[in-house]
Each structure stands twice: as structure tokens, then as C-alpha cells.
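Report on the following structure.
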Amino acid sequence: MRTPGDPPWDVYLTGTVFLDIVFTGLDSAPVRGTETWARGMGSSPGGVANMATALARLGLKTALAAAFGDDHYGEYCWDALEQGEGIDLTASRVVPGWHSPVTVSMAYEGERTMVSHGHEPPPEEPAPDCPPRARAAVASLTPGRRAPWIAEAARKGTRIFADVGWDDTGAWDLAGLPDLRYCEAFLPNAEEAKRYTGADCPRRAAHALTEHVPVAVVTLGPEGAYAVDRRTGEAAEVPAIAVAALDPTGAGDVFVAGFVTGSLAGWPLADRLAFAGLTAALSVQEFGGSLSAPGWSELAAWWRKVQSLPAPEQDPAALRRYAFLDTLLAPVEEGAEVWPRRRAVPTIGFRPTR
């Protein structure tokens with residue numbers, strides 16, 4: 001879908017890169033005063049790296065502006081993103097004397113508990129107020145705060161896709177999201193959507209949100225996702241794909257990346273929604289937020305498997321929803337070169353085997 005006059009980047013994003021250390025295989029939440037052993041552990045770049053990696057693995061030319069510590073963690077994250085994933089870090093900076101933020105995530109019973117530590121980087125590191133030209137950008141909106149780069153990117157013709165964090169103030173006022181006016185799509189979860197609109201169900205909330213943004217996408221957890229496009233009048237709901245979940249870290253970021261991919265490719269709303277849900281579902285089967293994101297080879301392998309050996313827990317109607325993958329995955333099936341994917345590993349100091 002790229003044309004000669006397009007910007008050099010498909011997607012631009014900025015934010016904080018964490019080192020994620022994920023423990024899985026816990027039977028329950030840790031109990032105060034006891035020691036809990038996990039059956040699995042993985043380390044990988046996290047934070048905004050989850051989104052950047054998911055986008056890059058779907059073939060999008062991705063540029064990231066972020067601050068990196070000059071410690072071993074920062075060096076590992078930089079190498080994993082630039083060398084391992086092909087993400088452009090020209091707009092990123094290494095900050096001397098600043099240690100990398102770290103998140104420890106414990107996954108159990110399909111949920112996660114996280115503990116994070118870090119310090120704000122110097123305000124000039126990085127400086128994203130003049131973002132590079134890109135076809136799209138992904139923004140994480142912060143209640144009560146403007147991000148000047150969003151308006152600047154929109155002015156240059158960049159399509160803005162946004163999610164939002166939990167509103168700790170309790171205001172839940174859409175007027176407190178001033179950059180929403182520049183966005184093409186807004187992708188909150190069901191609880192966030194209901195709180196921002198006052199609607200009693202997430203589907204009504206999605207329709208209410210289209211008074212403020214052209215496309216509203218509301219994730220429904222195990223029920224799937226629902227979306228409305230005010231410009232075309234389309235509405236779509238797609239059920240979730242049943243998978244054996246190992247670690248849900250970063251699944252929301254992978255969902256957004258899948259939706260952005262389908263949007264840039266010009267797919268119908270229902271296909272974009274289904275593709276986003278599928279990529280997120282496949283990601284929870286691996287350790288870590290960023291390095292669990294699927295590429296086209298993983299998507300092709302899943303599609304071959306469910307067609308030849310459909311699992312009893314899968315809804316046949318849900319699988320029929322993915323018939324559009326046949327055309328998309330043809331180049332992969334024909335033997336196109338597939339970039340080898342890294343996965344999260346327990347110890348980041350080892351050199352990967354080439």
C-alpha cells in the first residue's frame with residue numbers, strides 16, 4: 001500500500017522503554033512473608049517497546065523516540081530493538097548516568113501484577129516535539145496533559161491512533177484528553193470506555209465515543225472487541241480467539257499494532273478488528289510483552305493449524321471470520337523470507353546463538 005510520495009516511516013511513536021522481567025507459572029499471587037517460586041521467567045524490552053516491536057514484526061517501518069539508560073539494561077534494550085527488530089532509533093538518545101526503568105511482572109490466573117521502578121529522564125531527552133513524517137503514529141493519552149508532538153504530527157498529515165491509561169484522578173472527563181481531537185482512532189478497554197462516556201455497556205460507549213473521534217474501538221477482554229467507524233457507518237464485533245495464555249503482558253499493545261496495520265492497509269473495519277484480536281491472542285502464548293509479538297510466520301502457522309486440526313474450544317464462526325487471511329498469507333506460504341524472531345530469555349547477558 002506504500003506509494004513513492006509516502007513518508008519514510010509507516011509509524012512513529014515515543015514513550016518510555018522499560019526492561020521487563022516476567023515471572024510465569026505461578027499458582028497464585030505471592031503471599032506476604034513467603035517466598036514464591038515461578039516455573040518460568042523471561043526478560044525483554046518493555047513499555048513503549050511492546051508497541052514498537054509489534055508494529056515492526058508486522059512489517060511496518062517503525063521509528064521510535066525514547067530515552068535509554070547507559071547501563072547494561074539500556075544497551076540490551078537498544079540492541080534488541082535496533083538490531084533485533086529493525087526499529088529506527090535515530091530520534092532516540094542514550095542518557096549518561098540515567099538507569100533504565102525496570103518492571104517486574106508476575107503472571108497468574110490469566111492476569112498480572114507489576115512492580116516498577118525508574119526515574120524521569122531529563123526533560124530534553126528525547127525531544128519529540130518535532131516528530132519525523134510518518135503515515136501513522138501511536139499515542140498514549142494522559143488525562144489532563146497535552147503532548148505537543150501529537151498536534152504537530154497531525155498537522156503533517158500523520159494518522160493518530162491513541163489508547164489511554166487509567167485515570168487516577170477519577171475525573172474520567174473526555175475534555176481532559178485534549179489531544180483526542182487530533183486522533184483518527186481511540187482504543188480504550190471496556191471499563192475505560194464506560195467511565196469516560198457514562199454508558200452502561202461498552203458497545204453503547206463505543207458509539208458515544210464517535211462523537212469525539214472518528215473510530216472508536218473497545219476491547220472486551222475474553223469477549224473480543226467492538227468497533228464503530230463514524231465516517232463509514234460501519235460497526236463490527238469480533239469474538240476472541242481461544243488460546244492457552246502464558247503471559248498477558250503487552251497484549252493490549254499488540255492489539256493496537258494489529259489494528260494500525262489493517263488501517264494502513266485499507267481493510268474493512270471487521271477485518272482490522274479480527275486481525276488485531278488474533279495478533280493479541282497469539283502474543284499471550286509467549287513470555288514478555290515485546291518479544292512475544294507475532295510476525296507473519298506465526299500468523300501463517302496458526303492459520304494452517306486451525307484449518308487442518310480445528311480445536312474443540314474454538315468457535316467455528318470465529319474461525320470463519322479469518323478467511324481473509326488466505327490472501328494475506330499467500331506470500332508467506334510461498335516461501336518468502338521470514339525474519340528470525342527473538343523470544344524473551346531468562347538471562348540477558350548471554351549472546352544469542354547465530
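General observations
- Here the extension length gained between Val306 and Val31 equals 95.1 nm, from 0.36 nm per residue of separation less the Cα-Cα distance.
- What a 1.4 Å probe finds exposed on the chain is 53% carbon and sulfur by accessible area, rounded to a whole percent.
- Efficiency of FRET between Arg204 and Arg231 - r from beta-carbon atoms, R0 25 angstrom, step 0.05: 0.80
- Contour excess over end-to-end distance, with Cα ends at Ala265 and His119 and 0.36 nm allotted per residue: 48.7 nm
- Computed over the chain, relative contact order equals 17 percent, with contacts defined as Cα pairs under 8 Å that lie 6+ residues apart.
- Cα-based Kirkwood hydrodynamic radius, region 148-203, one decimal, Å: 12.2 Å
- Placed amide H near Gly46: partners under 5 Å, 5+ positions off or other chain: Phe18, Leu19, Asp20
- Among beta bridges from DSSP that stay inside the chain, the antiparallel ones total about 50%.
- Computed helical MRE - 222 nm, the chain, DSSP H runs ≥ 4 contributing -39500 (n - 2.57), nearest 500: -8500 deg cm²/dmol
- Glu184 - accessible surface, heavy atoms, 1.4 Å probe, Å² rounded to 10: 20 Å²
- Label-to-label distance, nm, for residues given as Val94 and Phe324 (7 Å Cα→Cβ offset): 4.3 nm
- Long-range Cα-Cα pairs in the chain (distance over 28 Å), rounded percent: 42 percent
- For the pair Gln285 and Cys130 in one chain, pulling the backbone fully straight at 0.36 nm per residue adds 52.1 nm over the alpha carbon distance.
- Ranking Met106, Met1, Met114 by solvent-accessible area of protein heavy atoms (1.4 Å probe, all protein chains present), from largest to smallest, gives Met1, Met114, Met106.
- With the alpha-carbon atoms of region 53-149 aligned to their principal axes, the span from lowest to highest coordinate is 41, 35, 34 Å, starting with the largest.
- Taking the average, over residues, of other Cβ atoms within 10 Å as the packing measure, peptides 200-209, 290-299 rank 290-299, 200-209 from highest down.
The values are calculated or read from the model by the stated rules, or taken from the named source; none is laboratory data. Only a predicted model underlies this, so the values are computations on that prediction, with no experimental measurement involved. Neighbour counts run over all protein chains shown; Cβ positions are idealised from the backbone, glycine included. These accessible areas exclude ligands, DNA and RNA; they are computed on the full protein's heavy atoms, side chains included. Shrake-Rupley method; radii C 1.70, N 1.55, O 1.52, S 1.80 Å.
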